[in-house]
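Below: one structure, written as structure tokens.
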Amino acid sequence: ENLPLDSCREPLRFDGFSSLFLYRRLYRCHTTLDGFNFDDGNVERKKDLSLEEFHHEYAGKKPVLLTGLAESWPARSTWTIDQLLVKYGDTAFKISQRSPGKISMKFKDYVSYMNAQHDEDPLYIFDQKFGEAAPSLLMDYTVPYLFQEDFFNILDRDSRPPFRWLIIGPERSGASWHVDPALTSAWNTLLCGRKRWALYPPGRVPLGVTVHVNDEDGDVNIDTPSSLQWWLDFYPLLADEDKPIELTQLPGETIFVPSGWWHCVLNLETTVAITQNFVNSKNFEFVCFDLAPGYCHKGVCRAGLLALDEGCLETIKKNACNEKDNLSYPDLTRKEKRVKVIKSRENQNNEGTAHGASKNHNFWELEFSYDINFLAMFLDREKDHYTYPWSSGNCIGPREMREWLFKLWIGKPGMRELIWKGACLALNADKWLECVSEICTFYHLPYPTDDEKLPAGTGSNPVSLLFL
């Protein structure tokens, strides 16, 4: 207690001891990224893209970096740290952190933290309710014309899943590897700073990432290093042919991330961005597919055929040849508790190792297809939407989903063919229609009209509108 102050500052020395692990953690806390020599990347850049060209070339297919979409936004000039601090210093925003519980922090306190911190994985603002906390922020931008079709818009604000986020973070922060919720697509516009993006197509798991899918409720969990750790420790290990698609995003630029694409983001300096997820005609079936009960299909659409063992894969191939139109896969549900994609390279020369970025196991190149007809083969038709446990990771509840599909069915009659396909994936709507038809035949009742054939209701059991 009475030791001189200088003695407390003496560095500790341990002769003969060193730790690369501890050194790397210390390095991540204090490194700067201004010396990173990132090029522009290899993602296509487009300006003045027409809606027709976007749907034909990119929607649901591949990412694209767009310029000019935010030039008329007030946010383009006002969303800087200094100006936001003046106007919203006392406003509390939600902070992204690895623990399940989310905390909120006043913006002025967050800026103080951001300027002083040397965290290994810095906190950043990732607030889905920024519009409620600061409604005037919603007046500073508009949804770009390319992304205005959003099937979730038909729901009331309180019913729709989270879809927009304010993102503010310091250098070295960023979102680790993930696939967006429910296989939705997303756009992200950067207002200040620079971001580095890495992307892999659906089914190709990045090196260092492990995917778990719970076979009881289909809940998906992803073990991944932080964004900075991946760039520093894993990226240098990749052969050129295994490297991700990359780009450096500059202020005013908007990136489109299609359904199912893996992506990781690193802030090269302090950044402010706005992002929204959406469901349109190009990804609607994939969203319905991901909300279906079961677990195998969720593993396959994220990890490709690496989510299956070879015996299961052969069974799928045989069933696909024999019963293309009516497949069920009860054998898949008896596999081990978790569908796991092994992240280590240590055994990559051994048969059965599942390393997403390695070309030694190129099932995803030769076999996997991010096509809804292909993916639907992995749905377990024996599991019923109404009785099977609902995944806690789903972005929408079962009642809200039924309400959503029914509102689409009534509100978009010109798109019923597409909506019916989605309802069959998510609800087994064809099964329920068959049951209703049998009841009608037995009791000599009129068959459901086109308006009536979709299962409706937000209770625990489905009903046909015919009997309402």
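The values are calculated or read from the model by the stated rules, or taken from the named source; none is laboratory data. None of the values given here were measured: they were computed from a predicted structure. With ideal geometry, Cβ positions are generated from the backbone for all residues, glycine too; neighbour counts draw on all protein chains shown. All accessible areas refer to the heavy atoms of the entire protein, side chains included, with ligands and DNA or RNA removed. Shrake-Rupley method; radii C 1.70, N 1.55, O 1.52, S 1.80 Å.
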Once a ≥ b ≥ c are taken as the square roots of the eigenvalues of the Cα gyration tensor of segment 208-256, is the result rounded (a/c under 1.5), prolate (a/b larger than b/c) or oblate (a/b not larger than b/c)? oblate
Over segment 72-199, one equal point on each Cα, no solvent: what is log10 I(q)/I(0) by the Debye formula at q = 0.11, 0.13, 0.14, 0.18 Å⁻¹? -0.42, -0.60, -0.70, -1.21
May I have the pair-distance distribution P(r) for segment 397-455, computed from all Cα-Cα distances with 5 Å bins from 0 and rounded to whole percent? 4, 19, 28, 23, 15, 9, 2, 0
Listed pairs 62/195; 383/453; 102/282; 46/102 exceeding 29 Å between Cα atoms: 102/282; 46/102
³J(HN,Hα), Karplus 6.51/-1.76/1.60, whole Hz, each residue of segment 176-186, x for Gly, Pro: 6, 4, 6, 10, 5, x, 6, 6, 6, 9, 8
Per-peptide average of other Cβ atoms within 10 Å, ordering 149-159, 428-438 highest first: 428-438, 149-159
Accessible surface, segment 49-196, averaged per residue in Å² (probe 1.4 Å): 43 Å²
Would you mind checking which residues have amide H under 5 Å from residue 271's amide H? H placed 1.01 Å from N; only 5 or more apart, or other chain. 169
Once you have the Kirkwood Rh of segment 110-164 from its Cα pairs, apply Stokes-Einstein at 25 °C and 0.890 mPa s and quote D in µm²/s. 173 µm²/s
For residue 41, residues with placed amide H under 5 Å, excluding near neighbours: 248
